[in-house]
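Following: one structure in structure tokens, then a few remarks.
The values are calculated or read from the model by the stated rules, or taken from the named source; none is laboratory data. From a predicted model like this one, the values you see are computed outputs, not experimental measurements. Reconstructed Cβ throughout: ideal geometry from the backbone, glycine too, with neighbour counts over all protein chains shown. The protein model used for the area step is the full one, side chains on, heavy atoms only, and it has no ligands, DNA or RNA in it. Shrake-Rupley method; radii C 1.70, N 1.55, O 1.52, S 1.80 Å.
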Amino acid sequence: MELAMFGELQYWLLCKLWPIKTIDTQPHGEEKLATFIKPIDPTFGRLEGLDVLDFGCGDGNESIALSRCARSVIGLDINPKWIEIARAKAQRAGVSNVEFTTKLDRKVDAVISIDAFEHFEDPKQILEMMHDALRPGGIVIASFGPTWYHPYGGHLFSAFPWAHLLCSERALLKWRNRFRDGKAQSLKQGMNGWSISRFERTIRDSPFTVEQFDCVPINSLRRIHCRLTREITTSIVQMRVRKT
Ligand SMILES: C[S@@+](CC[C@H](N)C(=O)[O-])C[C@H]1O[C@@H](n2cnc3c(N)ncnc32)[C@H](O)[C@@H]1O
């Protein structure tokens, strides 16, 4: 009873102090590729003749941008709603070498994945799927975050820094569901809650050869960013791994 009241009080405070959740406008398409993928792979852009997989493609903007330089692009997403939206976008853009699917059935030369690893329920299994999908020598270039201990690691539950770790699940769910359509059932819905260390261990234990695993600091916390503080001071994780 007391706990429930505490949750109600938290909910009331959240609504008073943060009546709406502003969503940061992010770059997309070419700009997103240039911001998040190009810095990881110096050869990026030289995709002519390559078949590329965009894993967790969402509404397909980056797959469509990639299709302008790759031989072919597969945009893969678990959510059929995004696949439909992405297909319509590709049709409007008039590109014919990109396809969107929820099931993977072909081999590719390269995999990119943007802002998706922190959403994969089982990243270990996704790495195995990526490994299976790649031809020998193929690479995975991925950029993801914010991860769970980042101040805004709760994504849409991030009313204020670390709200997802400090507030009760009940209060945050009620607060978030005020202004989002898809009524969330749990705080971790769509997010795996993994620490950076867990990601790193899993990636290093995977069948891939790790060529790069970098934690890019949050600008304002650059000075205190180190291995010890990286869980809370990392803006995004960038990685490049290869199937040997
Ligand atoms: C934050 S969105 C990023 C979309 C896009 N890459 C972008 O940068 O805008 C994460 C995407 O990963 C997808 N996703 C989550 N789990 C997945 C899985 N197991 N397989 C494929 N896609 C998945 C979600 O449906 C969602 O569209």
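Scanning region 80-104 for residues that are within 14 Å of the ligand (Cβ to nearest atom), open to solvent by 50 Å² or more (accessible area, probe 1.4 Å) and not in a helix (DSSP H, G or I) gives T102, K103, L104. Looking at this structure, is K38 away from the ligand (no atom under 11 Å from the Cβ) and open to solvent by 30 Å² or more (accessible area, probe 1.4 Å)? Yes; evaluated as a whole, the condition is true for this residue.
To keep it simple, each residue is scored yes or no on (1) within 21 Å of G137 (Cα to Cα); (2) free of Cβ contacts under 8 Å to residues at least 24 places away in the same chain.
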| site | (1), (2) |
| --- | --- |
| E48 | yes, yes |
| L53 | yes, no |
| C57 | no, no |
| A65 | no, no |
| K81 | no, yes |
| E84 | no, yes |
| R87 | no, no |
| Q91 | no, yes |
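Of all the listed residues (K174, K183), the sole one being part of a loop (DSSP other than H, G, I, E, B), among the charged types (D, E, K, R) and out of contact with any Ser or Thr (no Cβ under 7 Å at 6 or more places or on another chain) is K183.
Considering only region 45-60, state which residues are open to solvent by 30 Å² or more (accessible area, probe 1.4 Å) and within 16 Å of the ligand (Cβ to nearest atom). Once the filter is applied, which keeps residues that are open to solvent by 30 Å² or more (accessible area, probe 1.4 Å) and within 16 Å of the ligand (Cβ to nearest atom), region 45-60 yields only D59. Restricting attention to region 148-171, the residues that are surrounded by fewer than 19 Cβ atoms within 10 Å (Cβ to Cβ), in contact (Cβ under 8 Å) with a residue 60 or more places away in the chain and assigned to a loop (DSSP other than H, G, I, E, B) total 3.
Looking only at residues that are within 20 Å of the chain's Cα centre (by Cα) and assigned to a loop (DSSP other than H, G, I, E, B) in region 64-79, which one is farthest from V241 (Cα to Cα)? Filtering region 64-79 for residues that are within 20 Å of the chain's Cα centre (by Cα) and assigned to a loop (DSSP other than H, G, I, E, B), the one farthest from V241 (Cα to Cα) comes out as N79.
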